[in-house]
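Chemist: I'd like to ask some things about the structure below.
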């Protein structure tokens, strides 16, 4: 009789562990952080492969639902304003496309479709030693924020950063794509 009670307890514990594990897996599959991480990691992989970027920061406004997503990258190539503009527009548009095409994340978005205003991508242009390129050779940073794109130079001495150009995202989009962005 004692043997049967021990075996019943063991079976009960094993069933509890299995049910708990299954619950955790289902809960994790429905967790929007899991979906956002999958999308973000795929996007980061694409940026590394296509442009040689390395991501150094991920953030956003994610409490309750997804309001904004921000990524920061290093690029180890010199870029002009025109080249940086194209990189920025293409990156933001691609990330928006990836988020909007993922059906499981849609209920967790602040708005659908998720728009470029809710994506913040910053690319810092540095040499392999993480030193800034001289300002006469390359911009130091391109950043999309609050429906604008900023192009900055940073100096290797103690002077403050200088914004060379600030333009509306829609204007930059037209310069890169040759057409006005379609509102979904």
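The values are calculated or read from the model by the stated rules, or taken from the named source; none is laboratory data. The model shown is predicted, which means the values in this text are computed figures rather than measured ones. Quick reminder, even Gly has a Cβ in these numbers, built from the backbone with ideal geometry, and neighbours come from all protein chains shown.
Chemist: Does any residue of the range 152-171 turn out to be within 24 Å of residue 50 (Cβ to Cβ) and out of contact with any strand residue (DSSP E or B) (no Cβ under 9 Å at 6 or more places or on another chain)?
Modeler: No, that holds for no residue.
Chemist: Taking the range 146-166 as the search range and keeping residues that are in contact with a helix residue (DSSP H, G or I) (Cβ under 8 Å, 6 or more places away or on another chain) and farther than 22 Å from residue 60 by Cβ, which one is surrounded by the most Cβ atoms within 10 Å (Cβ to Cβ)? So that I can check it myself, show each step before the final result.
Modeler: The initial filter retains those residues of the range 146-166 that are in contact with a helix residue (DSSP H, G or I) (Cβ under 8 Å, 6 or more places away or on another chain), namely 146-149, 151, 164-165.
Remaining after also requiring farther than 22 Å from residue 60 by Cβ: 151, 164-165.
On the way: 151: 23, 164: 14, 165: 14.
Checking each candidate, the answer is 151.
Chemist: For the range 44-78, which residues satisfy the criterion of being loosely packed, with under 15 Cβ neighbours inside 10 Å and under 8 Å from the mean Cα position of the chain (by Cα)?
Modeler: Matches in the range 44-78: 58, 59.
Chemist: Now for a different question. Enumerate the pairs (first residue in the range 31-43 and assigned by TED's automatic domain parsing to the domain that holds residue 93 and buried (at least 17 other Cβ atoms within 10 Å of the Cβ); second residue anywhere and outside any helix (DSSP H, G or I) and modelled with pLDDT under 90) with beta-carbon separation below 7 Å, excluding pairs fewer than 6 apart on the same chain, so at least 6 apart or on different chains.
Modeler: 40/58
Chemist: Sort out which residues of the range 141-182 are within 21 Å of the chain's Cα centre (by Cα) and farther than 17 Å from residue 91 by Cα, and write them in order of number.
Modeler: Hit for the range 141-182 is 152, nothing else.
Yes/no matrix, rows are residues, columns are (1) crowded, with 16+ Cβ neighbours inside 10 Å; (2) closer than 30 Å to residue 76 by Cβ; (3) assigned by TED's automatic domain parsing to the domain that holds residue 172; (4) touching a residue at least 60 places away in the same chain (Cβ under 8 Å):
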{"position": "103", "(1), (2), (3), (4)": "no, no, yes, no"}
{"position": "112", "(1), (2), (3), (4)": "no, no, yes, no"}
{"position": "119", "(1), (2), (3), (4)": "yes, yes, yes, no"}
{"position": "125", "(1), (2), (3), (4)": "yes, yes, yes, no"}
{"position": "128", "(1), (2), (3), (4)": "no, yes, yes, no"}
{"position": "139", "(1), (2), (3), (4)": "yes, yes, yes, yes"}
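Chemist: Is one or more of the residues making up the range 50-64 assigned to a helix (DSSP H, G or I) and free of Cβ contacts under 8 Å to residues at least 24 places away in the same chain? Before the answer, list the steps.
Modeler: So the first thing to find is which residues in the range 50-64 are assigned to a helix (DSSP H, G or I), and the list is 50-51.
This time we only want the ones that are free of Cβ contacts under 8 Å to residues at least 24 places away in the same chain, so: 50.
The answer is yes, given that some residue of the range 50-64 is assigned to a helix (DSSP H, G or I) and free of Cβ contacts under 8 Å to residues at least 24 places away in the same chain.
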